[in-house]
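Structure first, commentary second.
The values are calculated or read from the model by the stated rules, or taken from the named source; none is laboratory data. Just so it is clear, the structure is predicted and the values come from calculations on it, not from any experiment. Cβ: placed from backbone, ideal geometry, glycine included. Neighbour counts: every protein chain shown.
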Amino acid sequence: MKRVALSTLSLALLAAAGTAHAQSSVTLYGVIDESIQWAHNTVDANGNNKNLIGLYGGNLSGDRWGLKGTEDLGGGLKAVFQLENGFDVNTGKLGQGGLMFGRQAFVGLTSDQYGTVTLGRQYDPLVDMIQPLTADNYFGSTFATPGDVDNNDNSSRTNNAIKYTSPLIDGFQFEGLYALGGVAGSTGSGQSWGAAGTYGVGSFNVAAGYFMMDNASSLAARTNSDGTVGWASGATSGAVFDSQINQAYASAKSIGTASIAAQYVAGPFTFSARYSNVQFKPDGFSTFTSTQKYNVAGGFLGYQLNPALLLGLGYTYTHGSGDSSNTYNQVALGADYNLSKRTDLYAIAAYQHANGQEPGAAQGTSAGASIGSYGYNSASNSQELVSLGIRHKF
């Protein structure tokens with residue numbers, strides 16, 4: 001009798017779900033990316049260069065799980081939402097500073113005719129429109145900018161953000177974002193704003209944009225628990241200072257990034273090029289006095305050897321000037337083999353050489369290398385890294 005009752009209830013729930021499915025949907029999804037990694041010339045606790053060998057998650061794609069959904073409201077209008085959690089596959093810890101949905105959390109409305117408006121914790125317009133045209137979109141952190149100074153590896157998200165994305169019109173799409181600082185009596189404190197546009201015709205795509213993130217406007221808000229001055233936790237954009245390349249500029253009043261990228265696909269070949277100009281501007285509360293500028297240029301060649309195997313070659317040139325003068329040349333190689341539509345194996349490697357002076361208080365010493373956005377500091381002007389991994393999507 002109990003079994004019959006449960007079966008009847010299950011059928012009733014399935015029938016109700018089938019009726020609702022025509023109007024709304026919710027999708028559970030995720031990525032688990034794990035690798036064995038070796039890095040040469042990595043500083044240990046005593047400041048000496050050593051080899052690093054261990055497991056590292058999130059090379060090609062950050063480990064995550066999430067929920068996203070839509071509800072048809074009629075008249076071409078839909079409600080949308082997305083909640084995305086980041087985690088460390090090797091420890092089970094939450095990513096993004098321990099936030100439950102640190103990768104994304106937003107709700108909004110979308111219309112095929114008028115576009116989409118979303119509110120919450122989101123990616124900025126440069127990440128949405130420019131990053132997909134770069135090497136990072138295919139091979140992740142190893143191909144990213146040293147220190148991720150231009151957020152090419154999506155290190156930063158923006159809180160309290162209002163975002164508008166236009167519909168696609170004759171190959172063109174536009175996106176704008178404004179994040180409210182939410183500080184009483186100081187509307188602009190910690191605010192962020194930016195815009196980007198993308199255009200595609202045939203096998204060619206180009207995108208460009210600008211994004212500005214402000215730090216808190218008071219010394220107290222920028223002071224950490226250990227007494228150091230840095231990027232305020234209350235700022236709407238979570239600027240990430242991944243390595244010695246940009247850690248010295250965490251106390252900046254603002255960070256402005258202008259970027260452009262283009263991509264062309266010809267048969268099995270994918271060609272892309274990009275350029276970014278990033279400026280860390282100081283004020284009276286900053287621990288540096290001159291604007292630090294980073295000019296970043298990168299190129300990527302991808303070759304689809306067969307339907308299962310993608311090969312990639314990337315080069316990134318990063319030049320710092322202003323407060324400190326330094327140059328970082330980085331070359332990366334990658335191979336990604338699909339075992340199925342959801343599971344792939346990969347091998348990636350990179351070499352970086354640094355020239356010039358170390359940023360910040362250590363300007364009297366030679367610049368140390370630090371590949372991509374890993375944050376592996378080096379006391380040497382060169383560094384090498386190799387990863388062998390597996391990625392599963394669900």
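Assorted remarks:
- When the stretch 264-295 is filtered for residues that are assigned to a strand (DSSP E or B), surrounded by fewer than 22 Cβ atoms within 10 Å (Cβ to Cβ) and not small (Gly, Ala, Ser), the ones remaining, listed by number, are TYR264, VAL265, PHE269, THR270, PHE271, TYR275, ASN277, GLN279, LYS281, LYS293, ASN295.
- Top-ranked residue in the stretch 296-344 [being assigned to a loop (DSSP other than H, G, I, E, B) and small (Gly, Ala, Ser); ranked as surrounded by the most Cβ atoms within 10 Å (Cβ to Cβ)]: SER324
- The one condition in (1) in contact with a strand residue (DSSP E or B) (Cβ under 6 Å, 6 or more places away or on another chain); (2) closer than 19 Å to ASP242 by Cβ; (3) charged (D, E, K, R) that GLU358 fails to fulfil: (1)
- In the stretch 65-97, the qualifying residues are those that are more than 17 Å from the chain's Cα centre (by Cα), surrounded by fewer than 15 Cβ atoms within 10 Å (Cβ to Cβ) and among the small types (Gly, Ala, Ser), and the one that is nearest to HIS392 (Cα to Cα) is GLY92.
- Options SER243, SER251, SER217, SER259: the member that is among the hydroxyl-bearing types (Ser, Thr, Tyr), in contact with a strand residue (DSSP E or B) (Cβ under 9 Å, 6 or more places away or on another chain), surrounded by 17 or more Cβ atoms within 10 Å (Cβ to Cβ) and in a loop (DSSP other than H, G, I, E, B): SER251
- Test for GLY200: is it under 16 Å from the mean Cα position of the chain (by Cα), assigned to a strand (DSSP E or B) and either at negative phi or crowded, with 23+ Cβ neighbours inside 10 Å (or both): no
- Restricting the stretch 141-162 to residues that are touching an Asp or Glu at 6+ places or on another chain (Cβ under 6 Å) and hydroxyl-bearing (Ser, Thr, Tyr), the residue that is farthest from LEU119 (Cα to Cα) is SER141.
- Matching residues, the stretch 226-261, being farther than 28 Å from ASN381 by Cβ and polar (S, T, N, Q): SER233, THR236, SER237, SER254
- Boolean, TYR374 is part of a strand (DSSP E or B) and either under 20 Å from the mean Cα position of the chain (by Cα) or within 28 Å of ASP63 (Cα to Cα) (or both): no
- Residue match in the stretch 206-214 (condition: in contact with a Phe, Trp or Tyr (Cβ under 8 Å, 6 or more places away or on another chain) and farther than 22 Å from VAL278 by Cα): no
- Taken together, the criteria exclude VAL31 from residues that are buried (at least 18 other Cβ atoms within 10 Å of the Cβ) and at pLDDT below 95.
- GLN113 on the phi < 0 side of the Ramachandran plot and assigned to a loop (DSSP other than H, G, I, E, B): yes
- Of all residues in the stretch 173-192, those satisfying the criterion of being at pLDDT below 95 and of a type in the set (Gly, Ala, Ser) are GLY181, GLY182, ALA184, GLY185, SER186, GLY188, SER189, GLY190.
- Selected residue (only one of SER225, SER243, SER254 is free of Cβ contacts under 8 Å to residues at least 12 places away in the same chain and not aromatic (Phe, Trp, Tyr)): SER225
- Under the condition of being farther than 20 Å from GLN352 by Cα and part of a loop (DSSP other than H, G, I, E, B), the residues counted in the stretch 125-154 number 2.
- Residue that is closer than 30 Å to ALA308 by Cα and free of Cβ contacts under 8 Å to residues at least 12 places away in the same chain, where the choices are ASN137, ASN85, ASN90: ASN137
- Flag if LEU177 is within 27 Å of ALA248 (Cα to Cα) and either within 18 Å of the chain's Cα centre (by Cα) or not in a helix (DSSP H, G or I) (or both): no
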